[in-house]
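Here is the structure we will look at.
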Amino acid sequence: MTGIGRVPLAAALAALTITMSATMSVAPAGAEEDLAARTAETGEVDDPLEGLNRVTSAFNRVLRQWIIDPLVDGYQAITPDEVRQAISNVASNLTEPVTVVSSLIQGDFENAGVATQRFLINTTSGIGGIRDPASEVGLEQRREDVGQALGAHGVAPGPHLVLPILGPSNFRDAVGDIATALASPLPIAGKVAAGGVEYSDNQETVRAISDDAVDPYIAERNTYERHREFVIDNGRRIEVPDIPEMD
């Protein structure tokens, strides 16, 4: 099978795993794993739709087990590392315009400037984002989205929400994604693709969040919400109660 023939498989994988990027976004080494471990079973979350959310979450876990994970395994088996890296780079590059706008909304002109430079350099010198020469010259990526921008301005996350296929979200983040999609579908396509690639790269870690939990729904819900606090705070640690040991 040629590299071109493998692209539809990667696209299908990405379309089914957009939300997996929620627990795999760029952060200091080890920080996300530590955050997930400390918050998966604790924390208060506004969840008036818990009954419906649990049903949707269970459906998504079955979907992941029987469709998404086999696709990931097949994608990893047949796609060379170089092709996977190129797909990852292109997907990541498509998220830069959203980072620019979201950073400007927050008044973070430095990150907006970095994201603008990254997009221009990688789209041109990087041949449509296949390569990442921007990182090679020290322009490191820090993704932002509209939900983060709203959160940085004090907008509460609102009720937790689990979407079919798309997975965990909340009212604030869902509104941000809808607004982005209405403005242009391209950045959302980038988020979908980036989510798929990141899940492929971190499949076992994502599985462990729910597989090792007493209550998989609570683990996934709290990990998502605390992760969003983490990225809104730009990676600075948040105070989380210790998880009591179980006898």
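Structure values in brief
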quantity: For Ala11: the one exception among (1) out of contact with any Ser or Thr (no Cβ under 8 Å at 6 or more places or on another chain); (2) of a type outside the set (Val, Ile, Thr); (3) at pLDDT below 90; (4) closer than 24 Å to Ala208 by Cβ; calculated: (4)
quantity: Looking only at the stretch 181-203, and only at residues there that are of a type in the set (Gly, Ala, Ser) and crowded, with 16+ Cβ neighbours inside 10 Å, the one that is farthest from Ala91 (Cα to Cα); calculated: Ser200
quantity: Condition broken by Ile218, with the remaining ones in (1) within 16 Å of the chain's Cα centre (by Cα); (2) assigned to a helix (DSSP H, G or I) satisfied; calculated: (1)
quantity: Single unsatisfied condition, Val206 versus (1) touching a Pro at 6+ places or on another chain (Cβ under 9 Å); (2) more than 23 Å from Ser103 (Cβ to Cβ); (3) in a helix (DSSP H, G or I); calculated: (1)
quantity: Subset tally (residues that are closer than 19 Å to Asp47 by Cβ and either without any contact (Cβ under 8 Å) to a residue 40 or more places away in the chain or among the β-branched types (Val, Ile, Thr) (or both)) for the stretch 187-228; calculated: 4
quantity: Matching residues in the stretch 129-142 - criterion: being over 11 Å from Ser92 (Cα atoms) and within 22 Å of the chain's Cα centre (by Cα); calculated: Ala134, Ser135, Leu139, Glu140
quantity: Helices (runs of 4 or more DSSP H) contained in the stretch 100-180 and holding at least 2 residues crowded, with 17+ Cβ neighbours inside 10 Å; calculated: 109-124, 146-152
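The values are calculated or read from the model by the stated rules, or taken from the named source; none is laboratory data. Computed from a prediction, not measured in an experiment: that's the story for all the values here. Every residue, glycine among them, receives a Cβ derived from its backbone with ideal geometry; neighbour counts consider all protein chains shown.
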